[in-house]
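Presented below is the structure to which this report refers.
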Amino acid sequence: MNIILLGPPGAGKGTQAHLLVEHHGMRQLSTGDMLRAAVKAQTPVGIKAKEVMDRGELVSDEIVSALIDAELTAMGEEVGAIFDGYPRTEAQAVSLDELLAKHGRKLDHVIELAVDEDALVERITGRFTCANCGEGYHDTFKLPAKADVCDKCGSTEFKRRPDDNEETVRKRMQEYRAKTAPILPYYEQRDLVTRVDGMAPIDDVTTEIEAVLRG
Ligand code: AP5
Ligand code: ZN
């Protein structure tokens, strides 16, 4: 099973991808996470990407498609892939088709997380993650059960993303509207898109996605 989670910044792509990994043993391929790892490791890609990401703009198609190609090469064909934050442009959608063919995979579903943009700024500016295991939290919607202790690993260190400020979030949304939303018809023509209400509570969104995957 190979699926794309499509939606604007803060729509819940990462949250849902983590849950699908837990429940179904699929693999999350997040170009955002890959780029952040490259920035942290100060690789040539990371050094190039950092400024672009801090501005809330899109990194080049060639860079992100090469990252996806490398991940698909490294994983077994039997493991399902969840594409999170990729593709984001028409050129990336075309590259993904080529990469799927190259790696003997086919695209099963594109899940569009439909959300109300006004709510997204609050979602993103309130978000933080465990610095140790990466579990995601939110100041309002998902606090750790015990204050300041990660539910998953017990760590007491948390971090926030440098691009999660209001100005950059608005730029990221603009990029989504201008470059990413227009790729939906590319998949609609092939009858691959299901729209899911991303404003529902997290578990309800998961239930809806799982119903789509069961077909
Ligand atoms: P990326 O890391 O992909 O960021 P993004 O698309 O902006 O998406 P986010 O991670 O912000 O949101 P999400 O939808 O995963 O939401 P989440 O689940 O965390 O990209 C970052 C940058 O990298 C880009 O700006 C670009 O520069 C570059 N980049 C990455 N991929 C690229 C590509 N392919 N091409 C070019 N450049 C690329 O949820 C948000 C918060 O809301 C969380 O706190 C969560 O707990 C909460 N929440 C989630 N769901 C719900 C719900 N149903 N109800 C209430 N709260 C919820
Ligand atoms: Zn943790």
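The values are calculated or read from the model by the stated rules, or taken from the named source; none is laboratory data. A quick note: this is a predicted structure, and the numbers were derived from the prediction, not measured. Cβ sites come from the backbone with ideal geometry, for glycine too, and all protein chains shown count toward neighbours. Note: accessible area is taken over every heavy atom of the protein model, side chains too, but ligands, DNA and RNA are not part of it. Shrake-Rupley method; radii C 1.70, N 1.55, O 1.52, S 1.80 Å.
Under 7 Å by Cβ, and 6 or more places apart or on different chains, what pairs join a residue from the stretch 119-130 that is assigned to a strand (DSSP E or B) with one that is crowded, with 20+ Cβ neighbours inside 10 Å?
Close Cβ pairs satisfying both conditions: C130/C150.
Does the stretch 105-120 contain at least one residue that is modelled with pLDDT of 95 or more, over 25 Å from E175 (Cα atoms) and open to solvent by less than 70 Å² (accessible area, probe 1.4 Å)?
yes
Suppose we filter the stretch 142-158 for residues that are out of contact with any strand residue (DSSP E or B) (no Cβ under 9 Å at 6 or more places or on another chain) and touching a residue at least 24 places away in the same chain (Cβ under 8 Å); how many remain?
0
Within the stretch 200-215, track down each residue that is more than 12 Å from H109 (Cβ to Cβ) and assigned to a loop (DSSP other than H, G, I, E, B).
A200, P201
For R161, indicate whether it is under 22 Å from V196 (Cβ atoms) and open to solvent by 40 Å² or more (accessible area, probe 1.4 Å).
No, not satisfied.
Could you please find all residues in the stretch 188-199 being under 25 Å from G25 (Cα atoms), of a type outside the set (A, V, I, L, M) and either part of a helix (DSSP H, G or I) or open to solvent by less than 80 Å² (accessible area, probe 1.4 Å) (or both)?
T194, D197, G198
Among the residues of the stretch 64-94, write down those that are open to solvent by 30 Å² or more (accessible area, probe 1.4 Å) and within 15 Å of ligand 1 (Cβ to nearest atom).
Hits for the stretch 64-94 are A66, L67, D69, A70, E71, R88, E90, A91, V94.
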